[in-house]
Structures are given as C-alpha cells and as structure tokens.
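Visitor: First the structure, which I've put down as structure tokens, then a few questions once you've had a look.
No value in this document is a laboratory result; all are computed from the given coordinates. Keep in mind the model is a prediction, meaning the values are calculated, not measured. Neighbour counts run over all protein chains shown; Cβ positions are idealised from the backbone, glycine included.
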Amino acid sequence: MDAIFLQILNGLDKGGAYALIALGLTLVFGTLGVVNFAHGAIFMVGAFCAVTMEKILTLSVKVKDPSVTFFDAYKETPYLELWFGNTGSAIIDWVVPISIVVSIPVMLGLGILMERSLIRYFYKRSHAEQILVTFGLAIVLQELVKTFFGANPIPVSAPDIVAGSAAIGSWIGLGDAVVYPWWRLIYLLFSVVIISAVFSFLNFTTYGMVVRAGMADRETVELLGIDIERRFTIVFGLAAVVAGLAGVMYTPVLPPDYHQGMDFLVLSFVVVVVGGMGSLRGAVAAGFLLGILQSFSSMTEVKSIIPGIDQIIIYLVAVIILLTRPRGLMGRRGVMEN
Amino acid sequence: MSNTQIATPRQELLYMVVLSAVVLTMPLWLQPFGAAYPDLMQKFMIFGIFAIGYNILFGLTGYLSFGHAAFLGVGSYTAVWSFKLLSMNVVPAIIFATLLAGLFAWLIGFVSLRRSGIYFSILTLAFAQMSYNLAYSVLTPITNGETGLQLNQADPRVIDRMAGIEATSGLPNTNLFGLQGTGYSGFYICAVILILAFFVSLRIFHSPFGMKLRAIKSNQTRMSYTGYNTRPYLLTAFIISGMYAGLAGSLLAMTDPLAGAERMQWTASGEVVLMTIFGGAGTLIGPLLGTGIIKYLENIFSAFNDTVLHNMFSFLPDWLNNILTAIISPFVGEGWQLLLGIVFMLIVIFLPGGLMEGYGKVSRMIRERGQKNVDDGSSDKQHSTGEV
C-alpha cells in the first residue's frame with residue numbers, strides 16, 4: 001500500500017513535468033499547426049535561466065576571513081551577502097523562486113522572437129520541413145548553452161526551507177515511514193496551478209476565446225477583422241513560458257545540462273501523440289497517465305516479471321495507441337488522423 | 001534536378017565510372033585538402049553508405065524516419081559478435097549485420113508504416129529510443145552496456161580456430177581474407193562496398209520500383225486510387241534503407257571493433273537526416289556530397305582552437321585579430337555543432353532541396369544568361385536536355 005501510494009505520487013510528479021511540456025507543444029500545434037522540435041530546447045533554456053540567475057546572485061569577491069588569525073585567509077563571499085548580510089543569503093537561497101519571476105518575461109520574449117523571426121515562415125510548409133528547421137534550431141540553442149555553460153550538469157538547489165522530505169504518510173494515516181521530498185510535492189502543485197492557469201486563460205478570457213476560435217477556424221476569425229496572427233504569436237510566447245517554467249522548476253530535481261531538452265523532447269512528443277494531437281486536455285491527461293505508468297513499471301516487483309519494462313513502457317504505450325486509436329486518447333475526430 | 005527519367009544504360013555506366021574514379025582516387029585528390037588519411041576517408045565511405053540508404057527511404061518516399069541509427073547500432077553489434085564468435089573475417093560480419101538489420105527494419109517498418117507523416121516520424125523515434133534504452137539496460141549481456149561491446153583475446157572465434165589461425169599476441173585485426181580492415185586497405189574495402197551500394201541505389205532510382213516510390217511521395221492518395229497498395233513498396237524501401245544502415249554499422253565495426261549504444265540514440269539518426277538534406281534528398285549524389293562535406297568540415301573545424309585562429313589571422317593588426325578570434329571561436333572546436341546547426345537551418349529555410357538544388361539553380365541561371373546572349377528562338381529544345 002505504501003509503495004503503491006508513493007509510486008502514484010512519483011508518477012504524478014513526473015507526469016506534471018511531461019504534462020507541462022506537452023501542453024506547450026500542443027498549444028503551438030493546435031494554434032499554429034507547427035510541429036516544434038525545439039520545444040525541448042526551450043525547456044532547457046528555462047532551466048538555464050535558473051542557472052544564470054544563480055550565477056548572477058552569487059557573484060563573489062574574495063574577502064579576508066576574520067576567523068583565521070594566524071595567517072591571511074580569504075574566502076569567496078557573494079556581493080549580496082556583503083551588502084545585505086543575512087537578507088542577502090536568503091535571496092541567494094531563494095534563487096529558484098526568483099528565477100521563476102525573472103524567466104517569465106525572458107521566455108515570453110524568446111518565444112515571440114522565435115515565432116516572428118523563424119516559425120512564421122514555416123506555417124505553409126510541410127510538417128517534415130517544420131520538424132527539420134526546428135530540429136536545427138534545437139541544435140543551435142543547445143550548442144549555445146553548451147558554449148556558455150559547458151557540458152556538465154550544473155546543480156541548483158531549492159530553498160533550504162523545503163529541502164527535506166514531507167512526512168506525507170502521517171497526514172493521511174499511512175505511518176511515518178512514508179515520506180516524500182518537499183520540492184517534488186511543490187512541483188506537482190506548481191504544474192497543476194500552471195495547467196489550470198493556461199486552461200482558464202483559454203476558456204474564461206475573451207482573448208482566450210478568440211484564440212480558440214482561431215484554432216477552430218482561422219479564416220473566419222480573420223474575416224471578422226481580428227489580427228489572429230498576432231494572438232498566435234502571443235500563444236507561442238505563452239507556450240515558451242510554460243515550457244520555460246517547467247524547466248526552471250525542474251532544476252532542483254535534476255541538475256540541467258545542455259542536452260536535457262532533447263531527452264525530454266522525445267518523451268513529450270510521445271505524450272502529445274498519446275493524448276491526441278491538438279487536444280490540450282489529452283496532453284495533460286496523457287502526461288499524468290504516462291508518468292504514473294512509468295513509475296509503476298520501475299517498481300522492482302514489476303521489473304522482476306518483465307525486465308526492462310521501465311525503460312520502454314512509455315514508447316510501448318505510444319506505439320499501441322498510435323496503432324489502435326490513431327487520433328490519440330482525446331483527439332478530435334478528423335484532426336491529424338493520417 | 002529530379003531524376004525523373006529512366007536513364008539509359010550508357011548514362012548509368014558513365015555515372016558508375018565517374019563515381020568509381022572519384023572515390024578510388026580519393027587518397028590522391030584529398031591530399032591538398034589535408035584529408036587524405038584513412039580514418040577520415042573510411043568515415044566518408046561509411047556514412048556515405050548510411051546516407052545513400054537513408055535517401056532511398058526519405059528522398060524517394062518522403063517518409064522522415066528518426067530511427068535509422070537503431071539499425072546502424074544493430075549492424076555494429078552484430079558485426080562485433082560475429083568477430084567474437086565466428087571469425088575476424090569481415091565477410092560473415094557484413095552479411096549477418098545486413099541481414100539482421102534488415103530483419104529489424106522489417107519489424108519496425110511493419111508497425112511504423114501503418115501511419116504516415118509526423119506520426120511515422122514519432123513511431124520510428126519511439127522505436128529507436130526503445131532500442132537505445134534496452135541496449136543500455138536489460139540487454140547488457142548482449143551489448144555490454146555503457147562500456148560498449150569489445151573484442152577479447154579469449155573469444156571463441158570458431159571458424160578462425162578451425163582454420164588454425166590463432167591470435168598470438170594482442171588483439172587480432174579484422175580482415176578480408178588477409179587484407180587488413182583498418183588503414184588504407186580498410187578504406188578500399190569500404191570504397192568498393194560504397195560503389196556497389198551506390199550502384200544498387202542507382203538501379204533503384206531508375207527502376208519502376210523507384211518510380212512508384214516517387215509516386216508515393218508526390219501523391220499517395222492518388223497512388224492508392226490507381227490501384228496500388230502502397231504499403232509493400234514503402235516497407236521494401238524501409239527494409240532496404242535499414243539494411244544499408246546495418247551495412248554501414250558493420251563497416252564501422254570493421255574499422256574500429258567497438259560497438260556502443262550511443263550510436264543508436266535518436267540524435268545520431270538526426271545526423272544522417274542532416275547529411276542527406278544538406279546534400280539534397282531525393283538526388284543520387286546529394287547524400288554523398290552532404291556526407292563528404294559535413295564530415296570533412298567536422299574534421300577541419302573541430303580541430304580549430306584559439307591558437308590556430310590567432311595564427312590564421314596573424315597578418316592582421318592585433319586588436320582586429322583578437323576580435324575576429326573572439327567572434328569565430330564559439331563556432332569551431334567544441335562548438336562546431338553550433339555552426340552545423342546554423343548552416344542546416346539556413347539550408348532548410350532557403351534551399352530545401354539541399355546543395356543539389358543550389359547547384360541546379362546556379363547552373364540554370366548561367367544557362368539562361370547564355371541563351372539571352374545568343375538570342376535564339378528555339379530554346380524549347382534546350383530545356384529538356386540539361387536535366388539528368
């Protein structure tokens with residue numbers, strides 16, 4: 001029971017990340033009709049926003065260490081600590097939450113820049129060409145990051161206050177042995193919040209309504225005198241923000257390196273396909289579903305029955321879904337069925 | 001530019017003679033470019049074969065597969081196992097690798113080809129990732145996981161032992177009936193196989209089968225309304241290109257008998273896509289050209305570093321030298337992939353047909369200019385002759 005509960009949590013947590021990336025991917029596909037292979041790279045850039053923030057906040061200077069009296073000892077002290085004392089240390093400690101705030105405008109800008117300078121020329125071209133050009137873009141982005149940050153993973157830690165594990169078992173009467181890292185609980189919560197925010201934006205605002213109208217019938221919306229292209233640009237930016245935030249929040253879970261994006265890209269594409277191309281609900285549902293499936297299949301009990309299943313379960317599900325239900329779990333009839 | 005006509009046997013012969021001459025004299029004419037050493041030329045050949053095969057699928061049918069590296073990996077593993085168990089002779093290795101890769105391609109193709117377009121890409125991607133993950137985890141007894149599959153002095157090598165060939169000291173070398181599989185002789189083995197592979201691809205391009213594949217690319221719906229069942233043709237093309245990949249993998253194992261799972265990662269599939277498109281998908285020479293140029297530039301640029309750059313610009317004043325070096329250095333050495341990515345994007349944006357399309361455009365421009373000067377009214381005839 002404990003194990004199953006933990007695996008569900010694990011899966012939801014992993015699924016949160018999948019769902020966030022897949023959501024952006026679907027948003028772009030549904031609005032612009034573009035298959036974006038650079039989406040994983042955007043996730044990675046988001047993660048490196050956090051790394052950059054940390055680098056900036058911990059800019060240091062060598063200061064004489066007063067505790068050593070026999071000789072002159074120096075230690076690296078961040079400027080923030082010098083200037084603000086304990087407040088400074090607290091700011092450095094809270095680097096991930098700060099990067100979330102910072103990364104929103106950065107990712108929005110990046111997304112809009114990408115769409116205006118490159119993606120918009122590919123609306124009318126084939127999916128294969130879209131895949132190729134965004135694949136090239138992904139390579140460029142990840143190599144740029146590699147140039148500036150090197151090839152090794154760079155750890156960024158979550159604030160100390162959430163460093164440990166939550167005694168989640170005792171909350172719901174499963175015993176104290178069941179614990180779960182705070183940060184990953186927060187990640188789960190965060191992804192739920194972001195997903196609901198995106199859905200409310202699309203469903204409950206006029207802006208979102210127009211975007212949905214544009215998704216359904218672009219020409220008519222344009223005939224009504226609405227500059228739909230501009231809104232779609234914003235949607236692309238929004239998708240970039242969602243992926244970027246997912247990346248920022250993921251840094252304490254897994255230290256980011258430059259090819260992290262590529263690893264996530266394949267998974268998130270699989271998630272989108274399972275959920276149904278162009279279906280936002282499908283993407284989210286499939287994200288959580290596949291996350292849970294994956295974490296269950298990595299239990300030792302399951303692995304001892306079918307060895308290696310944890311490595312391939314997601315792809316296996318995708319293959320089965322694609323062959324038996326071409327439009328995915330929740331895809332609309334007729335959208336990209338062939 | 002598209003090779004739409006069935007070529008006459010004479011044209012084909014010409015093609016083959018020219019290609020063979022160019023390939024076999026590579027050690028001579030690559031000398032001035034500083035690329036005439038066996039390792040690099042072997043790479044040209046091996047990845048050339050890979051790209052030719054990939055082109056049969058992507059170039060002719062337009063099905064964009066992101067999983068071909070898996071077949072390359074299968075080929076490599078099979079070849080190394082053949083070296084370990086049977087013989088250091090490359091013949092069984094090549095045969096088994098090609099066949100097994102073909103079998104894999106049949107399995108994966110059979111499933112993947114139920115869908116087309118982006119779904120096909122994602123299915124192949126999924127299969128490639130599956131094989132990669134399995135090679136790293138459960139299949140470790142076969143693939144030796146992260147270390148990679150290596151030769152060992154104590155390997156059985158049944159056939160070799162029966163023939164009385166014992167490795168005396170150190171590891172035995174791969175060979176083709178005594179001809180070494182590394183160095184210049186290795187290059188020539190690869191070169192001959194490349195020429196054969198090219199011949200097969202040439203025949204396919206100009207055969208009715210090739211025409212049908214092209215028809216699938218231009219309009220699959222119409223093709224099926226005409227009464228063709230397209231799937232067997234697609235599957236055949238998929239298997240053939242998978243076998244080419246397996247062949248390339250076995251040659252890779254011949255020149256360096258060490259097979260690792262990273263050869264199967266999907267980004268490795270991306271590389272062959274890159275090479276094919278760079279040269280020109282759907283053209284005969286394009287993939288070879290793309291492979292040659294990319295591998296050559298990779299070799300040149302990844303060897304650059306700041307010192308080399310400084311020396312290169314040493315004729316300039318110091319400040320300009322430093323600026324230029326600072327600008328260029330992110331694109332060379334470790335950052336060569338960045339340059340590749342940018343160039344690739346430019347190609348896809350402006351020249352979707354690759355270098356061959358660029359060549360076609362330029363030559364057409366020159367021809368038209370020439371015609372204007374001559375000022376003749378009977379230019380209709382001229383149009384059909386230039387196309388090969």
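Visitor: Residues in the range B:159-169: is at least one crowded, with 17+ Cβ neighbours inside 10 Å and closer than 30 Å to B:LEU113 by Cα?
Guide: No: the range B:159-169 contains no residue that is crowded, with 17+ Cβ neighbours inside 10 Å and closer than 30 Å to B:LEU113 by Cα.
Visitor: Right, next: So, in the range A:219-230, how many residues would count as being assigned to a helix (DSSP H, G or I) and either in contact (Cβ under 8 Å) with a residue 60 or more places away in the chain or of a type in the set (Val, Ile, Thr) (or both)?
Guide: So in the range A:219-230, the residues assigned to a helix (DSSP H, G or I) come out as A:219-223, A:228-230.
Filter again for either in contact (Cβ under 8 Å) with a residue 60 or more places away in the chain or of a type in the set (Val, Ile, Thr) (or both), leaving A:220-221, A:228-229.
Number satisfying all stated conditions: 4.
Visitor: Which residues, counting only those in the range A:93-143, are over 26 Å from B:ILE122 (Cβ atoms), in contact with a helix residue (DSSP H, G or I) (Cβ under 8 Å, 6 or more places away or on another chain) and not charged (D, E, K, R)? Let's see the steps before the verdict.
Guide: Applying the first criterion (over 26 Å from B:ILE122 (Cβ atoms)) to the range A:93-143 yields A:93-106, A:108-109, A:112-113, A:116-117.
From the residues that got through so far, the ones that are in contact with a helix residue (DSSP H, G or I) (Cβ under 8 Å, 6 or more places away or on another chain) too are A:93, A:95-96, A:98-100, A:102-104, A:106, A:108-109, A:112, A:116.
A:VAL95, A:VAL96, A:ILE98, A:SER99, A:ILE100, A:VAL102, A:SER103, A:ILE104, A:VAL106, A:LEU108, A:GLY109, A:ILE112 - these are the residues of the range A:93-143 that are over 26 Å from B:ILE122 (Cβ atoms), in contact with a helix residue (DSSP H, G or I) (Cβ under 8 Å, 6 or more places away or on another chain) and not charged (D, E, K, R).
Visitor: Please give the helices (runs of 4 or more DSSP H) falling wholly within the range B:176-241 in which 1 or more residues are over 21 Å from the mean Cα position of the chain (by Cα). Step through it out loud before you land on a result.
Guide: Working: elements: B:183-205, B:208-218, B:220-225.
Passing ranges, in order: B:208-218, B:220-225.
Visitor: Here are some residues: A:LEU141, A:LEU137, A:LEU108. Which one is over 30 Å from B:GLY333 (Cβ atoms) and within 19 Å of the chain's Cα centre (by Cα)? Lay out the reasoning, then the answer.
Guide: On the way: A:LEU141 fails: over 30 Å from B:GLY333 (Cβ atoms); A:LEU137 fails: over 30 Å from B:GLY333 (Cβ atoms).
None of the other options fit; the residue is A:LEU108.
Visitor: Also: Count, please, the residues in the range B:110-154 that happen to be surrounded by fewer than 18 Cβ atoms within 10 Å (Cβ to Cβ), within 11 Å of chain A (Cβ to nearest Cβ) and charged (D, E, K, R).
Guide: 1
Visitor: While we're on this one: Taking the conditions exactly as written (in contact with a Gly (Cβ under 9 Å, 6 or more places away or on another chain), farther than 19 Å from A:THR251 by Cα and of a type in the set (A, V, I, L, M)), does A:LEU118 satisfy them or not? Reasoning before the result, please.
Guide: Numbers: in contact with a Gly (Cβ under 9 Å, 6 or more places away or on another chain): no; farther than 19 Å from A:THR251 by Cα: yes; of a type in the set (A, V, I, L, M): yes.
So A:LEU118 fails the test.
Visitor: Among the residues of the range B:323-343, which ones are away from chain A (no Cβ under 14 Å) and touching a residue at least 12 places away in the same chain (Cβ under 8 Å)?
Guide: B:LEU324, B:THR325
Conditions (1) touching a residue at least 40 places away in the same chain (Cβ under 8 Å); (2) part of a helix (DSSP H, G or I), marked per residue:
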{"site": "B:SER250", "(1), (2)": "yes, yes"}
{"site": "B:VAL272", "(1), (2)": "yes, yes"}
{"site": "B:THR276", "(1), (2)": "yes, yes"}
{"site": "B:GLY282", "(1), (2)": "yes, no"}
{"site": "B:GLY290", "(1), (2)": "yes, yes"}
{"site": "B:ASN299", "(1), (2)": "yes, yes"}
{"site": "B:ALA303", "(1), (2)": "no, no"}
{"site": "B:VAL308", "(1), (2)": "no, yes"}
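Visitor: Next question. When the residues of the range B:252-270 are filtered to those that are outside any helix (DSSP H, G or I) and in contact with a Phe, Trp or Tyr (Cβ under 7 Å, 6 or more places away or on another chain), which remaining residue is nearest to the other protein chains (Cβ to nearest Cβ)? It would help to see each step written out before you state the result.
Guide: First pass over the range B:252-270, keeping only residues outside any helix (DSSP H, G or I): B:256-260, B:265.
Checking which are in contact with a Phe, Trp or Tyr (Cβ under 7 Å, 6 or more places away or on another chain) leaves us with B:257, B:259, B:265.
Numbers: B:PRO257: 26, B:ALA259: 19, B:GLN265: 9 Å.
Going through the qualifying residues, I end up with B:GLN265.
Visitor: How many residues does the range A:130-168 contain that are surrounded by fewer than 18 Cβ atoms within 10 Å (Cβ to Cβ), within 14 Å of chain B (Cβ to nearest Cβ) and either in contact with a Phe, Trp or Tyr (Cβ under 6 Å, 6 or more places away or on another chain) or within 20 Å of A:THR58 (Cα to Cα) (or both)?
Guide: 4
Visitor: Among the residues of the range A:268-290, is there at least one that is under 21 Å from A:PHE190 (Cβ atoms) and not in a helix (DSSP H, G or I)?
Guide: The answer is no; no qualifying residue exists.
Visitor: On the basis of being surrounded by 15 or more Cβ atoms within 10 Å (Cβ to Cβ), within 14 Å of another protein chain (Cβ to nearest Cβ), hydroxyl-bearing (Ser, Thr, Tyr) and over 18 Å from A:PRO252 (Cβ atoms), does A:THR77 make the cut? Steps first, please.
Guide: On the way: surrounded by 15 or more Cβ atoms within 10 Å (Cβ to Cβ): yes; within 14 Å of another protein chain (Cβ to nearest Cβ): no; hydroxyl-bearing (Ser, Thr, Tyr): yes; over 18 Å from A:PRO252 (Cβ atoms): yes.
Against the criterion (surrounded by 15 or more Cβ atoms within 10 Å (Cβ to Cβ), within 14 Å of another protein chain (Cβ to nearest Cβ), hydroxyl-bearing (Ser, Thr, Tyr) and over 18 Å from A:PRO252 (Cβ atoms)), A:THR77 does not qualify.
Visitor: Of B:SER82, B:SER76, which residue is of a type in the set (Ser, Thr, Tyr), in contact with a Lys or Arg (Cβ under 8 Å, 6 or more places away or on another chain) and part of a helix (DSSP H, G or I)? Even if it seems obvious, please write down each step before you answer.
Guide: Numbers: B:SER82 fails: in contact with a Lys or Arg (Cβ under 8 Å, 6 or more places away or on another chain).
Criteria check complete, one pass: B:SER76.
Visitor: List pairs: first in the range A:299-319 and within 12 Å of chain B (Cβ to nearest Cβ) and under 14 Å from A:SER268 (Cα atoms), second of a type in the set (Val, Ile, Thr) and assigned to a helix (DSSP H, G or I), Cβ under 6 Å, 6+ apart or cross-chain?
Guide: Every condition considered, the pairs that remain are A:ILE314/A:VAL270; A:ALA318/A:VAL270; A:ALA318/A:VAL273; A:ALA318/A:VAL274.
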